[in-house]
Amino acid sequence: MKKNLITIKEFIDKSIGEWKSIRSTHTLAFQEFENTNSSLIISYQDINCDEVLEMKNKFKSSQDISFAIQISWQSISEWETEIKSQESNTILIFCPKDEYSGNLIKDKGYAEKIPSSSRYYMDENKTFNIQSDYNTTISEERIWFLSKNVRARYSIIKNKNNNGILQTSHATEIRKIIT
């Protein structure tokens, strides 16, 4: 079955670059809908830089680091009647179990903005799957390529106590092509 899989490194290699993201988020508990437009930059990070080594030490990880990436973004959100602008970045450290799966250390989580450790794997549909347990929530993310320059991202955030779905979101990410 693994002959149809792409490795995590191949997936990340395809993801490096500048992207425009259009995301809709549905917060089910409050029956709210949010649109967000973002500019993303995904780049490799030196695994020997201070931030990466500090994160590895913080998690007391003895696992080998395969590679690390930084994701930087600027976003404009239309939450209720307010338009909010946000700018931030996060570092993801890949500690592989094999070429297709492993643990992911993040300085900021997706569902809760705290340092976190997640499980990741590539599936037979060439989809990058991330599963994260936080203090009060669980998130599941799936990212796949629709074409060379278009990615789709889907996420679910669940309540850790009762597994109830709190939020779903879908994003389309379009690579900025420099001509």
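Worth a mention:
- Of all the criteria given as (1) within 24 Å of ASN149 (Cβ to Cβ); (2) assigned to a loop (DSSP other than H, G, I, E, B), the one not satisfied by THR90 is (2).
- In a residue-by-residue description of the range 58-65, the property of being among the aromatic types (Phe, Trp, Tyr) and in a strand (DSSP E or B) applies to no position.
- The one condition in (1) under 20 Å from the mean Cα position of the chain (by Cα); (2) of a type outside the set (Lys, Arg); (3) surrounded by fewer than 16 Cβ atoms within 10 Å (Cβ to Cβ); (4) part of a strand (DSSP E or B) that ILE42 fails to fulfil: (3)
- Residue in the range 148-157 that is closer than 28 Å to ASN48 by Cα and either part of a strand (DSSP E or B) or out of contact with any strand residue (DSSP E or B) (no Cβ under 9 Å at 6 or more places or on another chain) (or both) present: no
- SER15, sole failed condition from (1) modelled with pLDDT under 85; (2) closer than 21 Å to TYR121 by Cβ: (1)
- Across the range 77-114, the number of residues qualifying as of a type outside the set (Val, Ile, Thr) and at pLDDT 80 or above comes to 19.
The values are calculated or read from the model by the stated rules, or taken from the named source; none is laboratory data. None of these values were measured; they are calculated from a predicted model. Cβ atoms come from the backbone with ideal geometry, glycine included; neighbour counts cover every protein chain shown.
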